[in-house]
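For reference, the structure is listed below as structure tokens.
The values are calculated or read from the model by the stated rules, or taken from the named source; none is laboratory data. From a predicted model like this one, the values you see are computed outputs, not experimental measurements. Here the Cβ is made from the backbone with ideal geometry for all residues, glycine too, and neighbour counts use every protein chain on show.
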Amino acid sequence: MVIRLLAVLLLTLASQSLWSQEKRRIWDHKLVRRFISSEKDSSRSAGFVVLPALGYAQETGLEFGLAGVYNFYVDRADTLIRTSNLTFIGTFTTQRQTNLKLTADVWSPGNRYHYFAELRFRDFPFNYYGTGNDTWLADEDVVIMRMARIRAEVERRMAPNYYAGLAFAFEHFGYSDREAGGIFEALPAVDRDGGYYASFGVTQLYDTRDINTYTTRGIFARLKYSYSPGLGTQGSFRGSLAEIDLRGFVPLSAQLTFGLNGIFRSSWGKNVPFYAYQEMGGDMIMRGYYNGRYRDQNLLAAQAELRYRFHPRLGIAGFAGTGSTFRKGLNTTRFVPSYGGGVRYFFDLEHSSSIRLEYGMGEKRQGEKRQGGFYLSLSEAF
């Protein structure tokens, strides 16, 4: 009996030892340590993450796909070079709808040049509530949109922290109302059909950020102006587009950062078509609003964010902001609130790249539930 007990004890101790060794081997695995360890990889290697996309809506049926980001240094020997990244989003639905987007944000050695490019194709429905800043949920109209976009920008450093550059964009839109009798039919016929334009522009950038992926100190101020000369047909937009993006970051402690962001976007010309309007909402600014719930020729919005990174891999953030779309002057604005918070998981310590899970809330209009929504996003909002 004693011999049997000793044998069982030895087998138990041996199995526990083997299990401990196996756990150590799993923990020490390079892939596991890359996503769990609180220590940076000293090799300055690239980082990559892929997230599944899964959802369901009555308009689309089951939606499935992948989203991923690849972070890298163009020159790993350059210790001051900024992080470059490639981002891909691809989703499909059981009702044969497609959403594809590929972006590249690249910094050259010495940060002398900054390149940005975007390719996008979207055949997807969206909810249309009308134009202006006073639309209502009861007017919701499902519209099918087919959109193709090409964007390319290059900026060159002209002085310390100052860049100047050129921009090009081509966009093509086509629309169809899912059901007759909706408010989309109130738009002029040329807007209901969609259109296209090619624009050529210039950019000015002043950038003192310490890190371009998760900034803790510095200023980012960017001005972009583009002109579309029209392509000689009725469906082509002829006019101007402008964007001002201002950001400031102040470290309150080694782990706590306060950030401010202001955005102004505008489209103007003799007849600005529906597809060139500015949309409010989404996961970057004015979180809590359906993207496009309010849309018009101008957008003005601001947000503040308090970020607390209490662990190299984890952080939390709270945000609040306000914004409005408007037509001609600020006297037509109706500013609405945006606030919420969420958590951060830093999947790539070398490049300080994060995954955001947030909930944002907006206004509560009379007779409607409060606007809001969850967001799962790659990278910070600003």
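May I ask you to verify whether GLY318 is in contact with a strand residue (DSSP E or B) (Cβ under 9 Å, 6 or more places away or on another chain) and either in the same structural domain as LYS270 (by TED's automatic domain parsing) or of a type in the set (A, V, I, L, M) (or both)? Yes; evaluated as a whole, the condition is true for this residue. Going residue by residue through the range 235-242, is there one that turns out to be basic (Lys, Arg), part of a strand (DSSP E or B), in contact with a Ser or Thr (Cβ under 9 Å, 6 or more places away or on another chain) and closer than 30 Å to ASP177 by Cβ? Scanning the range 235-242, I find at least one residue that is basic (Lys, Arg), part of a strand (DSSP E or B), in contact with a Ser or Thr (Cβ under 9 Å, 6 or more places away or on another chain) and closer than 30 Å to ASP177 by Cβ, so the answer is yes.
Could you say whether any residue in the range 217-229 is assigned to a strand (DSSP E or B), over 15 Å from PHE168 (Cα atoms), among the basic types (Lys, Arg) and in the same structural domain as VAL142 (by TED's automatic domain parsing)?
yes
Among all residues of the range 174-185, there is at least one that is in the same structural domain as SER226 (by TED's automatic domain parsing), part of a helix (DSSP H, G or I) and under 19 Å from ASP123 (Cβ atoms). Sort out which residues of the range 248-294 are touching a Phe, Trp or Tyr at 6+ places or on another chain (Cβ under 9 Å), among the charged types (D, E, K, R) and buried (at least 20 other Cβ atoms within 10 Å of the Cβ), and write them in order of number. Across the range 248-294, the qualifying residues are ARG287, ARG293. Checking each residue in the range 115-141 for being farther than 22 Å from ILE89 by Cβ and assigned to a strand (DSSP E or B) picks out TYR128, GLY132, ASP141.
Inside the range 96-118, residues that are within 17 Å of MET147 (Cα to Cα) and of a type outside the set (Asp, Glu) make up a count of 9.
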